[in-house]
Amino acid sequence: MTDMTPSKIFFWIGLSGLTHKKQTELLHGYGGPEGLYARFLEEQNALVGIIGDRHYAALKRYRSADYIGQALDKLRKDGIYVMTAANPKYPECLRQAEAAAPYALYYRGNPALLETRCAAVVGTRRCCGYGRQMAEEIAGTLAENGVTVVSGLATGIDGYAHRAALDNSGGTIAVLGSGLNCITPAGHVQLYDRILAGGGLVLSQYKPTDNATRFTFPERNRIVSGLCEAVVIVEAPEGSGALITARFASEQGRDVLVVPGNVTDARFKGSNQLLYEGAVFVRGGADVLEFMRIAPKSRQNSSPPQLDKAQEMIYSLICSGVESFDRLIEAGHLSPAELAAVLLDLELFGVVKKTGAEQYSRSGP
Amino acid sequence: MLAKIDSYGLKGLDGYGVELEIDINSGLPGIEFVGLADTAVKESKERIKSAIKNSGFRFTPKKITVNLAPASMKKEGTLYDLGMALGILCATEQLAVTALAGFVVLGELSLDGRVRPIRGLMPLLIAAKDAGHTRFIIPSENRREASHIGGVQVFAFDDLRQVVGFLHGEIAVPPLKKADICLSASAGQGGDFAYIKGQYLAKRALEIAAAGGHNVLMIGPPGAGKTMLARAIPSILPDLSTEEALETTKIHSVAGILNPEEGIIRVRPFRSPHHSVSATALTGGGSNARPGEMSLSHNGVLFLDELPEYTRATLENLRQPLEDGVITVSRAARTVEYPASFMLVASMNPCPCGYYGAKDRACACSPAMIGRYLSKLSGPLLDRIDLHMNVSNVQYDEIAGEGLSEPSADIRGRVNAARAIQGERFAGMGVYCNAKMTGGMIKTYCKPDAAGERILKNAFEKMRLSARAYTKILKTARTIADLGGAAHIEEAHIKEALLYRNLDREYI
């Protein structure tokens, strides 16, 4: 009894699978976590009345301090930690903005990211090339300038945002709509591992073994917007989950930033509607930074590593907008073999990146 | 009276001796075949009857028995007509049996007695020559094909009467003169690189592919010029050697698509079956096991346009030939092995809509759609393709620009030089080009220098290349080094080779 900290009690309640509403009702009705824990057995009848037999039995089963300690140990061995509302590190922005902030969050990775400035980059799963390009540009610029990119590990925009953040050695947080051990979509297991390997954080309000359902994703979106100062919507058709995130964001007093799309294109109908309703219009990562009042790092200060004459020439051609392989050959008067070598060097130096079919563009150092 | 005539039958690309035995007995008039004759052979009785009559000979109304020995092999085709007609003439004593001794007779007859051409003459002649036969009677229209075989006496005829006249010594027909195999430079038909504007990367990649015999996959939006590039490939392929020309001619002869005016395949074949091609048409087969598109492109190029549109089962058939250079066609009645050592050139769009990664058009595909599209190509198939490169749309001022690009003849010069280096390197190893190197050879011949090793390691980490890319890059780098006349693989060669491994990098 004595070693039952509020943290452990929050964890215990979470094990029951009760909805957030019921958890709140219990905690309020019984004078906080400690009160609830202490009076749990004697108030059986009243409690069964509120939460039903099944949940009561579950809570009773898990109530022993030994069991809770072992459960936490087991998770820790698996690399999963629990951050509860009783933890001083619990993200303040989430607690304040969100009435339904979960009492326990499970995470793997680097929790320090929660204390950094965060912006969400979200959008549709079925994105087009333009959406991808904008997601990558924005997430990359944010990451480069020290803003943590938060998204939902979904396919499409979310995935590209995470990748771009990692590619620019920035922090990124993936908020899952499932338990940490039930990665959805399964195809993103590699990305999940990359996020962890790259010093990112994966986070979920669900027990590690919980599967995603159609209800968990909208719930997850609350956390995404709650963790961030600003939410950038890149591409959202009508009915997209990103619009739910936008709605939560405005409820929580977060700024909603939207990348405009073609107005005749159904794939941008939702995001353009947000713009019409008064969302902030952004043209790229620089606009988002300006909105967040972050001075962008100058790209010039870390000038590219020692370039020889040919590399210098090709680099400046690329900067001036000659971007395709064939164009570079003509403009630079090099043979394909020579140009290939120069481009590969520039790519390895990290000053140029391949953006598409034999297209190259400048990339941030 | 019994007459025996030597003839030859086809089994795959090989011939086997067939002895035609003709006997005349009393009984109901008619011709009876024994010895597993197929329909085409059985139908010949009407042709033979009419041809004999219409050539001014007598057709005896007696029971004629024709045996095709060995009786265990299925005989097919029309090439025994002439032999059987001559046999009947012998059996009816209109022709001396001794006159035919030592001759191998091949040819089809028409009702008026003309001798018509047959398919597969070259492999038959070669097989018969190897078996020790030296004198042949063949249709006149096959004369060019036959004239490339030396060391034999070949007599070509237009009609039955002429044959009999010759055998009786009434007409003098000189044997065919051996024609030299003149292998013209592969020009003309497909188009020349001189007329293809821009596309430097693609052209360079094709040069490398031609030099090393590498398989290529071109990825690009519709209208980028993938097909045009592919059609120009024959113009830069290395010249055929005499052995290669004969091998390829044999296959085309068996397939019956040899041009009678040419009589030999002088340039490397370029085959581009449509994507609705059936698996059998590609591999060869059917009841008579004819060679398929893969064998017809032996020593040449097999071009598959819009690769993902082919059915998966069809594409998987490419795996054995790409590995072994032969295709084994097994049917209930027979198993035939056809050579199928070709350079695979394939093209595809980067995604279902075609514009993924294009600069000037937006792609309308979701990542899942692109993933599904690419998944039509199996890993094992992609494993066998050494170079993949993007072909992008040419800009207006490039199309409209004056002047010509580098002509194919120049490129072919470099390709031939690189092939010569490879020929020397692999002398006596049964390998002719870098693409066919085995694992051990790669270890021996594809060692990059220290700087190259470093760049390779660096690139693998930064570009997240897959493991299968490793040997491919080394092989391609070997060819690039050969093109540059370098003895060792240097840093620059590795760098260029890395450019042609697009699909190994994170694609979506």
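Does the stretch A:266-284 include one or more residues that are within 14 Å of chain B (Cβ to nearest Cβ), buried (at least 16 other Cβ atoms within 10 Å of the Cβ) and either in a helix (DSSP H, G or I) or without any contact (Cβ under 8 Å) to a residue 24 or more places away in the chain (or both)?
Just the residues of the stretch A:266-284 that are within 14 Å of chain B (Cβ to nearest Cβ), to begin with: A:266-268.
In the following step, the residues that additionally are buried (at least 16 other Cβ atoms within 10 Å of the Cβ) were identified as A:267-268.
Next, from what is left, pick out any that are either in a helix (DSSP H, G or I) or without any contact (Cβ under 8 Å) to a residue 24 or more places away in the chain (or both): A:267-268.
The answer is yes, given that some residue of the stretch A:266-284 is within 14 Å of chain B (Cβ to nearest Cβ), buried (at least 16 other Cβ atoms within 10 Å of the Cβ) and either in a helix (DSSP H, G or I) or without any contact (Cβ under 8 Å) to a residue 24 or more places away in the chain (or both).
Take the conditions (1) in contact with a strand residue (DSSP E or B) (Cβ under 9 Å, 6 or more places away or on another chain); (2) surrounded by fewer than 16 Cβ atoms within 10 Å (Cβ to Cβ); A:Glu115 misses just one of them, which is (1).
Among the helices (runs of 4 or more DSSP H) confined wholly to the stretch B:358-418, which include 3 or more residues that are at pLDDT 80 or above? Can you show your working first?
Numbers: elements: B:367-374, B:379-383, B:396-400.
Here the list reads B:367-374, B:379-383.
Scoring B:Asp482 on the criteria (1) in contact with a Ser or Thr (Cβ under 8 Å, 6 or more places away or on another chain); (2) surrounded by 23 or more Cβ atoms within 10 Å (Cβ to Cβ); (3) away from chain A (no Cβ under 11 Å) leaves a single failure, condition (1).
Residues of the stretch B:413-435 being of a type in the set (Val, Ile, Thr) and either farther than 17 Å from B:Glu244 by Cα or touching a residue at least 12 places away in the same chain (Cβ under 8 Å) (or both), which ones? It would help to see each step written out before you state the result.
So the first thing to find is which residues in the stretch B:413-435 are of a type in the set (Val, Ile, Thr), and the list is B:415, B:421, B:431.
Selection gives B:Val415, B:Ile421.
Going through (1) buried (at least 17 other Cβ atoms within 10 Å of the Cβ); (2) farther than 19 Å from A:Asp3 by Cβ; (3) touching a residue at least 24 places away in the same chain (Cβ under 8 Å) one by one, A:Ile68 falls short only on (2). For the stretch B:447-466, filtering for residues that are outside any helix (DSSP H, G or I) and either within 33 Å of the chain's Cα centre (by Cα) or not aliphatic (A, V, I, L, M) (or both) leaves 5. Considering the conditions (1) touching a Leu at 6+ places or on another chain (Cβ under 9 Å); (2) within 14 Å of chain A (Cβ to nearest Cβ), B:Pro221 is excluded by exactly one of them, (1).
Residues in the stretch B:89-101 that are modelled with pLDDT under 90 and under 11 Å from B:Lys4 (Cα atoms) were compared, and the one that is surrounded by the fewest Cβ atoms within 10 Å (Cβ to Cβ) is B:Thr98.
Would you be able to say whether some residue in the stretch B:19-35 is loosely packed, with under 14 Cβ neighbours inside 10 Å and either under 12 Å from B:Lys75 (Cβ atoms) or in the same structural domain as B:Leu296 (by TED's automatic domain parsing) (or both)? Looking for residues that are loosely packed, with under 14 Cβ neighbours inside 10 Å and either under 12 Å from B:Lys75 (Cβ atoms) or in the same structural domain as B:Leu296 (by TED's automatic domain parsing) (or both), one finds at least one in the stretch B:19-35, hence yes.
Considering (1) within 12 Å of chain B (Cβ to nearest Cβ); (2) of a type outside the set (Asp, Glu); (3) assigned to a helix (DSSP H, G or I), the lone condition that A:Leu317 does not fulfil carries the number (1).
What number of residues within the stretch A:72-95 satisfy the criterion of being of a type in the set (S, T, N, Q) and either without any contact (Cβ under 8 Å) to a residue 40 or more places away in the chain or surrounded by 19 or more Cβ atoms within 10 Å (Cβ to Cβ) (or both)?
Restricting attention to the stretch A:72-95, the residues satisfying the condition of being of a type in the set (S, T, N, Q) are A:84, A:87.
Going one step further and asking which of them are either without any contact (Cβ under 8 Å) to a residue 40 or more places away in the chain or surrounded by 19 or more Cβ atoms within 10 Å (Cβ to Cβ) (or both), we end up with A:84.
Residues meeting the conditions: 1.
Among the residues of the stretch A:324-353, those identified as in a strand (DSSP E or B) and more than 8 Å from chain B (Cβ to nearest Cβ) are A:Val352, A:Lys353.
Being more than 14 Å from every other protein chain (Cβ to nearest Cβ) and surrounded by fewer than 24 Cβ atoms within 10 Å (Cβ to Cβ): is that true of A:Tyr206 here? No, not satisfied.
Give the residues of the stretch A:105-125 that are within 14 Å of chain B (Cβ to nearest Cβ) and part of a helix (DSSP H, G or I), sorted by residue number. Steps first, please.
Taking the stretch A:105-125 as the starting set, the residues that turn out to be within 14 Å of chain B (Cβ to nearest Cβ) are A:123-125.
Across the stretch A:105-125, there are no qualifying residues.
Beta carbons closer than 9 Å, at least 6 apart along the sequence or on distinct chains, pair a first residue in the stretch B:372-390 that is more than 15 Å from B:Ala209 (Cβ to Cβ) with a second that is basic (Lys, Arg) and part of a loop (DSSP other than H, G, I, E, B) for B:Gly379/B:Arg468; B:Leu382/B:Arg468; B:Asp383/B:Arg468.
Whether a residue is loosely packed, with under 12 Cβ neighbours inside 10 Å and among the hydrophobic types (A, V, I, L, M, F, W, C) was assessed, and A:Leu41 passes this test. Within the stretch A:232-247, can one find any residue that is in contact with a Gly (Cβ under 6 Å, 6 or more places away or on another chain), closer than 30 Å to A:Ser16 by Cα and of a type in the set (Val, Ile, Thr)? So far as the stretch A:232-247 goes, no, none of its residues is in contact with a Gly (Cβ under 6 Å, 6 or more places away or on another chain), closer than 30 Å to A:Ser16 by Cα and of a type in the set (Val, Ile, Thr). Working only within the stretch A:126-143, note down all residues that are in contact with a Pro (Cβ under 8 Å, 6 or more places away or on another chain) and either within 19 Å of A:Ile294 (Cα to Cα) or away from chain B (no Cβ under 14 Å) (or both). Listed by number, the list holds a single entry, A:Thr141.
When the criteria are applied in full, B:Gly263 fails the requirement of being within 14 Å of another protein chain (Cβ to nearest Cβ), more than 12 Å from the chain's Cα centre (by Cα) and in a loop (DSSP other than H, G, I, E, B).
Looking across the stretch B:485-494, the residues that are within 12 Å of chain A (Cβ to nearest Cβ) and either part of a loop (DSSP other than H, G, I, E, B) or free of Cβ contacts under 8 Å to residues at least 24 places away in the same chain (or both) come down to B:Ala486, B:Glu490, B:Ala492.
Only residues that are over 20 Å from A:Phe215 (Cβ atoms) and not small (Gly, Ala, Ser): list them for the stretch A:154-187, please. I'd like the intermediate steps shown before the answer.
Keep residues of the stretch A:154-187 that are over 20 Å from A:Phe215 (Cβ atoms), which gives A:156-157, A:159-173, A:187.
Result: A:Ile157, A:Tyr160, A:His162, A:Arg163, A:Leu166, A:Asp167, A:Asn168, A:Thr172, A:Ile173.
Only a single criterion out of (1) within 14 Å of chain B (Cβ to nearest Cβ); (2) assigned to a helix (DSSP H, G or I); (3) over 21 Å from A:Arg362 (Cβ atoms) is not satisfied by A:Arg76, namely (1).
Scanning the stretch B:148-175 for residues that are crowded, with 19+ Cβ neighbours inside 10 Å and within 26 Å of the chain's Cα centre (by Cα) turns up B:His148, B:Ile149, B:Val154.
Would it be correct to say that B:Asn393 is touching a Pro at 6+ places or on another chain (Cβ under 7 Å), polar (S, T, N, Q) and more than 11 Å from chain A (Cβ to nearest Cβ)? Steps first, please.
Values: touching a Pro at 6+ places or on another chain (Cβ under 7 Å): yes; polar (S, T, N, Q): yes; more than 11 Å from chain A (Cβ to nearest Cβ): no.
Criteria not met by B:Asn393.
The one condition from (1) at pLDDT below 85; (2) within 14 Å of chain B (Cβ to nearest Cβ) that A:Gln311 does not meet is (1). Counting only helices (runs of 4 or more DSSP H) that sit wholly inside the stretch B:37-141, those with at least 1 residues that are charged (D, E, K, R) and closer than 15 Å to B:Val154 by Cα are B:121-130. Meeting the requirement of 1 or more residues that are touching an Asp or Glu at 6+ places or on another chain (Cβ under 6 Å) and farther than 20 Å from A:Pro296 by Cα, the strands (runs of 3 or more DSSP E) wholly within the stretch A:126-222 are A:148-151.
The values are calculated or read from the model by the stated rules, or taken from the named source; none is laboratory data. In this text, all values refer to a predicted model and were calculated from it rather than measured experimentally. Cβ sites come from the backbone with ideal geometry, for glycine too, and all protein chains shown count toward neighbours.
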